[in-house]
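Everything on this sheet refers to the single structure shown next.
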Amino acid sequence: MNDKFNTIAGWVLGGGIVLLGATLVTNEVFKHHPLEQKGYPIEGVEEAGGAGGAAEDPPIAALLVTADATRGEAAFRKCSTCHTINDGGANGIGPNLWRTMGSPLGHIPGFAYSDGLKAVGGTWGWENMNDWLRNPRAFAAGTKMTFAGISNPQERADLILYLNAQGSNLPLPAAPAAEAPAAEGDAAGNASGNAAAPAAEGNAAAPAAPASANAAAPAKADAAGH
Ligand code: HEC
């Protein structure tokens, strides 16, 4: 009886020692993983290496020429689960977004922004809003905005134009002398009273110069005076 007990006790003890050993080894092996992941948020690297990232997108200034605030308003439905955008609207999961463009990052005083977003600093403009909406986590490591981002560059431009129309009304950036975006805008027959519409009219009045770099110039002038 006693012998049997000792044998069993021995096995139990032995098993325990083996388990302890295995645990130590496993801890050694996996110890380094969390450390490796800390290196990621380096913005330059993200942009250069990211698939379908900034490098391939047309510049935001060009996309704004063909942007449409009405389409942007429709796209904002994706945001409205977390954000209001009316003047004086309540904060939800995310802060109220009235007059965000042109305001400092983290523009609602009472809202508990993440340290990641606060660390970025600066003011919201066309370029950084475009980067933010493309990939919030790449823009501000540790952001509380659990939103994957919008990969379609034209949809981002639509949204940003809509955001800008909600209390900000910053002047549009100068359109680069790009040929293709102007042609696309005309083809889409975009007639909702933004920068693309004057470009289309310009072409109709001067059929000899279809969608050239010149066509972008009146659009730019109109947009700036808007
Ligand atoms: C799941 C909820 C959620 C969704 C969906 C969401 N956001 Fe956010 N948003 C947040 C949170 C939370 C913050 C605060 C981020 C932080 O502190 O890191 C934020 C911050 C922002 C800011 C910065 C505001 C400031 O005061 O600086 C902007 C701009 C913004 N969101 C725009 C959008 C847009 C546009 C969309 C839709 C395309 C969107 N968000 C979708 C939750 C969301």
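Every number here is computed from the coordinates shown, using simple stated rules; none is lab data. Remember, predicted model here, so these are calculated numbers, not experimental data. Because the Cβ atoms are built from the backbone with ideal geometry, glycine has one as well, and the counts that use them run over all protein chains shown.
Let a ≥ b ≥ c be the square roots of the eigenvalues of the Cα gyration tensor of segment 43-176; is it rounded (a/c under 1.5), or, if not, prolate (a/b larger than b/c) or oblate? Before the final figure, lay out each step's value.
Working: a/c = 1.58, a/b = 1.12, b/c = 1.41.
Because a/c hits 1.5 or more and a/b fails to exceed b/c, segment 43-176 counts as oblate.
Counted residue by residue at 0.36 nm each, then reduced by the alpha carbon distance between them, the extension gain from residue 168 to residue 112 reaches 17.9 nm. Once the Cα-Cα distance is subtracted from the 0.36 nm per residue extended length, the residue 151 to residue 119 segment shows a gain of 9.1 nm. If a spin label sat at a point 7 angstrom from the Cα of residue 80 along the line to its beta carbon, the backbone N atoms of segment 128-164 nearer than 15 Å would be those of 159, 162-163. The amide H of residue 123, built 1.01 Å from its N in the peptide plane, has 105 as neighbours under 5 Å, considering only residues 5 or more places off or on other chains.
Annotation for residue 56 and residue 87: the two label points, set 7 Å from Cα along the Cα-Cβ direction, are 4.2 nm apart.
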